[in-house]
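Undergrad: Would you mind keeping the following structure in view while I ask a few things?
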Amino acid sequence: MEISELPAPNPVPTGYYRWEPDEDDVLICRAVREETPDVKSFVFAPRFKRQFEFVSGQFLTLEFEIEGETYHRCYTISSPPSRPDTVSITVKRVPGGPVSNWLHDYFQPGMMLKSTVPMGVFSWAGMQAPKYLFLSGGSGITPLMSMTRSAYDLALITDICFVHAARTPSDIIFHDELQFMARRNRSIKPYFTVEDNASGHGWSGYRGRMTQSMLEVICPDFLEREIFVCGPRPFMGAVKEMLEKAGLDMEQYHQESFDFDDFTEETQETITEATGDLDSDVKRYKIEFKKTDRVVYCPEDITVLEAARRAGMRLPFSCAKGLCGTCKTQIISGDVVMEHGGGIRQREIDAGKALLCCAKPTSDLVVDR
Ligand SMILES: Cc1cc2nc3c(=O)[nH]c(=O)nc-3n(C[C@H](O)[C@H](O)[C@H](O)COP(=O)(O)OP(=O)(O)OC[C@H]3O[C@@H](n4cnc5c(N)ncnc54)[C@H](O)[C@@H]3O)c2cc1C
Ligand code: FES
C-alpha cells in the first residue's frame with residue numbers, strides 16, 4: 001500500500017474550534033486513566049474533527065443524568081491548551097458525592113456528556129510574571145497542572161515553583177509526570193508534602209501541612225512571585241492567612257475553590273446585611289420548593305439561593321456568581337430578576353429557567369427543587 005493510500009489518522013486536526021458562548025456541546029470520552037486510588041482522569045474528544053480553544057485554569061460545567069436526576073458539576077480542564085485535540089478532566093471521589101462516584105464507577109470510553117463552553121477567570125493567561133508559585137491541595141492540582149503542562153509543551157523558561165500537598169505519598173496526583181517535566185525543563189520545580197504514610201510506599205520528602213518555614217526552605221523568594229492557589233476551602237484559608245502574615249502583596253495572590261459547602265466571604269456578607277434588613281420595609285415573597293416540599297420567605301433584595309440557605313436548605317451551587325450553571329432550576333410559576341455571568345442561555349431563560357444564586361424574586365415563586 002502506498003503511503004498516500006493510508007487512511008488519515010482520526011481525528012484529523014482541522015484548526016481551532018472556538019466554542020461559541022451560546023453553544024453547549026457533547027463530548028465523547030476517549031480514555032479513562034487511573035491517577036491515584038481515588039482520582040481518575042477522563043479524556044474527551046469533540047464530536048467533530050475540531051480542536052478546543054480555552055485558557056489553562058478554565059473549567060467545564062458538565063451535565064449528568066444519574067438515576068433519573070440531572071446534576072451539573074464543574075470540572076477544571078487538567079490538560080493544556082497546547083494539546084487542543086482533546087480535553088481532560090481529573091476527578092477525585094468525594095465520599096457520598098453522586099457525580100464523582102458515578103464517574104469513577106460507571107463512566108467509560110465511548111460514553112458522552114453534555115458540556116458548557118470553558119468558563120472561569122482563574123488563569124495566568126495574559127500575565128507576564130517572570131516567576132510563579134503554585135500551591136495546591138488534593139484535586140486542586142488540576143488548573144495548576146494545565147498551566148504547567150502548557151509551560152512544558154511551549155518550552156517556556158518561566159520559573160514555576162509547584163508545591164502540592166497530599167494526604168499520603170500514593171495520593172499525589174501527577175507525581176511522575178511533574179518529575180518528568182522537571183527533569184526536561186529545569187525551570188519547573190515540583191515539591192510535595194504529605195500528612196501520612198502509605199503502606200508499601202517509602203517517603204523521605206516533606207511532611208505535614210504547608211507552613212511558612214517549609215515555604216522559606218522550598219522557595220525562599222516566594223514573596224516576589226505571582227502565586228496561584230487551589231484546593232479545599234480549609235487548605236486555601238490556611239495558605240492565604242499564612243501568606244498575608246508573611247507580608248505578601250495580595251495583588252500577587254490568585255485563588256480558586258472547588259468547594260461549595262460554604263458561601264464565599266462576599267456572599268456571606270450580603271446574607272448578613274440582608275438578615276439585618278429583615279425588620280425594615282423590604283418586601284418578602286413566598287417561595288415554594290416543590291420537590292423538597294419546603295416553603296421559605298425571601299426578601300426582594302436577596303437571591304433565592306441565599307434565602308433557602310438561611311432557612312437551612314441545602315441546594316446545589318458552585319460559583320455563586322451566575323457563571324457555572326450548577327444552580328440552574330426551572331421556575332414553575334412566578335417571576336425573578338437576574339444578573340448572571342453567562343451560566344445560563346437566553347433560550348433557557350425563555351423556557352422559564354433561572355440561576356438561583358443570582359435570581360431575586362419579584363413575585364411569589366414555585367420552584368422545581
Ligand atoms: C470551578 C470548579 C472546578 C472544579 N474542578 C474540579 C476538579 O478539577 N476535580 C474535582 O475532582 N472536582 C472539581 N470540582 C468539584 C466538583 O464540581 C464536584 O463538586 C465534586 O466532583 C463532587 O461532586 P459530587 O457530585 O460527587 O458530590 P457533591 O454533591 O458535590 O457533594 C459534595 C459533598 O457534599 C455532600 N453533600 C452533597 N449533597 C448533600 C446533601 N443534600 N446533604 C448533605 N450532604 C451533601 C456530599 O456528601 C459530599 O461530601 C470543581 C468545582 C468547581 C466549582
Ligand atoms: S452557582 Fe454557579 S451559576 Fe449559580
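The values are calculated or read from the model by the stated rules, or taken from the named source; none is laboratory data. Only a predicted model underlies this, so the values are computations on that prediction, with no experimental measurement involved. As a convention, Cβ positions derive from the backbone with ideal geometry for all residues, glycine included, and neighbour counts pool all protein chains shown. Heavy atoms of the whole protein, side chains included, go into the accessibility calculation; ligands, DNA and RNA do not. Shrake-Rupley method; radii C 1.70, N 1.55, O 1.52, S 1.80 Å.
Undergrad: Is there any pair with a first residue in the stretch 52-70 that is open to solvent by 60 Å² or more (accessible area, probe 1.4 Å) and a second that is of a type in the set (Ser, Thr, Tyr) whose Cβ atoms are under 7 Å apart and which are 6 or more apart or on different chains, and what are they?
TA: 53/16; 53/17
Undergrad: Give the residue that is farthest from ligand 1 (Cβ to nearest atom), with candidates limited to residues of the stretch 76-120 that are without any contact (Cβ under 8 Å) to a residue 24 or more places away in the chain and open to solvent by 30 Å² or more (accessible area, probe 1.4 Å).
TA: The selected residue is 106.
Undergrad: Check 288, 306, 339 and return the single one that is away from ligand 1 (no atom under 13 Å from the Cβ), open to solvent by less than 60 Å² (accessible area, probe 1.4 Å), among the charged types (D, E, K, R) and not assigned by the TED database to the domain that holds residue 64.
TA: Criteria check complete, one pass: 306.
Undergrad: In the stretch 216-249, what count of residues is obtained for those that are hydrophobic (A, V, I, L, M, F, W, C) and in contact (Cβ under 8 Å) with a residue 60 or more places away in the chain?
TA: So the count comes out to 9.
Undergrad: Might you check whether a residue that is at pLDDT 95 or above, within 30 Å of residue 199 (Cα to Cα) and assigned to a loop (DSSP other than H, G, I, E, B) occurs anywhere in the stretch 39-59?
TA: No, the stretch 39-59 contains no residue that is at pLDDT 95 or above, within 30 Å of residue 199 (Cα to Cα) and assigned to a loop (DSSP other than H, G, I, E, B).
Undergrad: Just one of 181, 236 is open to solvent by less than 20 Å² (accessible area, probe 1.4 Å) and either more than 23 Å from the chain's Cα centre (by Cα) or assigned by the TED database to the domain that holds residue 324 (or both); which is it?
TA: Answer to the check: 181.
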